[in-house]
Amino acid sequence: MVSGDLLREARLRRGLTQAELATQAGTARSQISRYERGDVVPSLETLRRLIRSCGLELSFRLFNADLEDHDAALIQQVLPLTP
């Protein structure tokens with residue numbers, strides 16, 4: 001569910017609702033919801049496109065991690081997904 005958490009964080013950082021992100025990304029709001037809940041795992045390209053629609057890059061979570069509050073397991077899981 002790492003991809004769902006990343007997507008939700010990117011969307012909230014941008015201040016978007018699921019419907020607004022769906023409109024910007026050209027997809028259905030229900031699909032955004034399914035990704036965020038972890039019901040469906042988006043492809044790497046889809047995840048990259050959605051996060052870019054939030055004005056961020058896929059690696060934003062790693063670069064913005066607080067040094068004292070980072071999650072090493074999450075970083076290890078996400079690292080292979082970064083461009």
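The values are calculated or read from the model by the stated rules, or taken from the named source; none is laboratory data. Please read all numbers here as calculations on a predicted model, not as lab measurements. Heads up, the Cβs are rebuilt from the backbone with ideal geometry, glycines too, and the neighbour counts pull from every protein chain shown. The protein model used for the area step is the full one, side chains on, heavy atoms only, and it has no ligands, DNA or RNA in it. Shrake-Rupley method; radii C 1.70, N 1.55, O 1.52, S 1.80 Å.
Failed condition for residue 24, given (1) open to solvent by 40 Å² or more (accessible area, probe 1.4 Å); (2) under 12 Å from the mean Cα position of the chain (by Cα), with all others met?
Status for residue 24: all satisfied but (2).
Note down all Cβ pairs under 9 Å where the first residue falls in the range 17-40 and is of a type in the set (Phe, Trp, Tyr), the second is modelled with pLDDT of 95 or more and crowded, with 18+ Cβ neighbours inside 10 Å, and they're at least six residues apart or on different chains.
none
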